[in-house]
1. Restricting to the range 176-188, give me the number of residues that are touching a helix residue (DSSP H, G or I) at 6+ places or on another chain (Cβ under 7 Å) and either part of a loop (DSSP other than H, G, I, E, B) or not assigned by TED's automatic domain parsing to the domain that holds residue 229 (or both).
2. Please enumerate the residues belonging to the range 7-35 that are without any contact (Cβ under 8 Å) to a residue 12 or more places away in the chain and in a helix (DSSP H, G or I).
3. Kindly indicate whether any position in the range 233-240 is in contact with a strand residue (DSSP E or B) (Cβ under 8 Å, 6 or more places away or on another chain) and at pLDDT 95 or above.
4. Go through 50, 110, 85 for me and flag whichever is farther than 30 Å from residue 138 by Cβ and assigned to a helix (DSSP H, G or I).
5. Based on what the data block shows, is residue 132 part of a helix (DSSP H, G or I) and within 22 Å of residue 58 (Cβ to Cβ)?
6. From the list 66, 55, 4, pick out the single residue that is assigned to a helix (DSSP H, G or I), surrounded by 15 or more Cβ atoms within 10 Å (Cβ to Cβ) and either without any contact (Cβ under 8 Å) to a residue 24 or more places away in the chain or outside the structural domain of residue 145 (by TED's automatic domain parsing) (or both).
7. Does the range 126-140 contain at least one residue that is more than 26 Å from residue 53 (Cβ to Cβ) and either surrounded by 14 or more Cβ atoms within 10 Å (Cβ to Cβ) or free of Cβ contacts under 8 Å to residues at least 24 places away in the same chain (or both)?
């Protein structure tokens, strides 16, 4: 293989690894923000569950106060019943007592409903608190892993940049200039493998003469469509499923 072509392939690999590492580091604040959002969601679920339980308890206390009011009225009516002098007054008080008793029964049923609901709400609070604890542990572990990855990536970038400086120093200036120009225009991808007569990045079929030149790997050959520097990998065979099938 042409020495400069081989070096350009190696340079592309270095640049791609550098791009991936830099992109990963740039994305770190966004990934940290996503972790905080997950925690905030779990905290919100706990707060919502607790608020629903508090609302239930407040509602129960309100109903209990209403029960106390009706019980007070009922006691008052019973005292008045002892002092009535006419059947009309007695029946009127009995009607009021019956109404108060019915109201107390309705309110006590409501208290029972709220108590049953409170059990479910208490369980929901415990469940969300458990989920928050688990999420906190997971997020803490992911943050720790992210911090370690950041250190590793920064060290890797230093090494990749040093290797690049060494490599570009031995590449023919004209070949390097072609590489840099194409990389600038093609989002950092200046080198492409040619396979089965096609540029594997732009997927445009190459002219037969161009592909034949690429097969030799003895010169800098560019794709007519995307201008990327082409090379052929003789070790990469066609997959069995892609191979031509014999005629029946």
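The values are calculated or read from the model by the stated rules, or taken from the named source; none is laboratory data. Quick caveat, the model's predicted, so the values are computed rather than measured. Quick reminder, even Gly has a Cβ in these numbers, built from the backbone with ideal geometry, and neighbours come from all protein chains shown.
1. Counting residues in the range 176-188 that are touching a helix residue (DSSP H, G or I) at 6+ places or on another chain (Cβ under 7 Å) and either part of a loop (DSSP other than H, G, I, E, B) or not assigned by TED's automatic domain parsing to the domain that holds residue 229 (or both) gives 1.
2. 13, 20, 23, 26, 29, 30, 33, 34
3. no
4. Working: 50 fails: farther than 30 Å from residue 138 by Cβ; 85 fails: assigned to a helix (DSSP H, G or I).
Just a single option satisfies the conditions, and that option is 110.
5. On the way: part of a helix (DSSP H, G or I): yes; within 22 Å of residue 58 (Cβ to Cβ): no.
No, not satisfied.
6. On the way: 66 fails: either without any contact (Cβ under 8 Å) to a residue 24 or more places away in the chain or outside the structural domain of residue 145 (by TED's automatic domain parsing) (or both); 55 fails: surrounded by 15 or more Cβ atoms within 10 Å (Cβ to Cβ).
Criteria check complete, one pass: 4.
7. Going through the range 126-140, the residues more than 26 Å from residue 53 (Cβ to Cβ) turn out to be 140.
Next, from what is left, pick out any that are either surrounded by 14 or more Cβ atoms within 10 Å (Cβ to Cβ) or free of Cβ contacts under 8 Å to residues at least 24 places away in the same chain (or both): 140.
Yes; the residues of the range 126-140 include at least one that is more than 26 Å from residue 53 (Cβ to Cβ) and either surrounded by 14 or more Cβ atoms within 10 Å (Cβ to Cβ) or free of Cβ contacts under 8 Å to residues at least 24 places away in the same chain (or both).
Residues checked against (1) surrounded by 13 or more Cβ atoms within 10 Å (Cβ to Cβ); (2) farther than 30 Å from residue 122 by Cβ:
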| site | (1), (2) |
| --- | --- |
| 30 | no, yes |
| 37 | no, no |
| 60 | yes, no |
| 72 | no, yes |
| 77 | yes, yes |
| 94 | yes, yes |
| 97 | yes, yes |
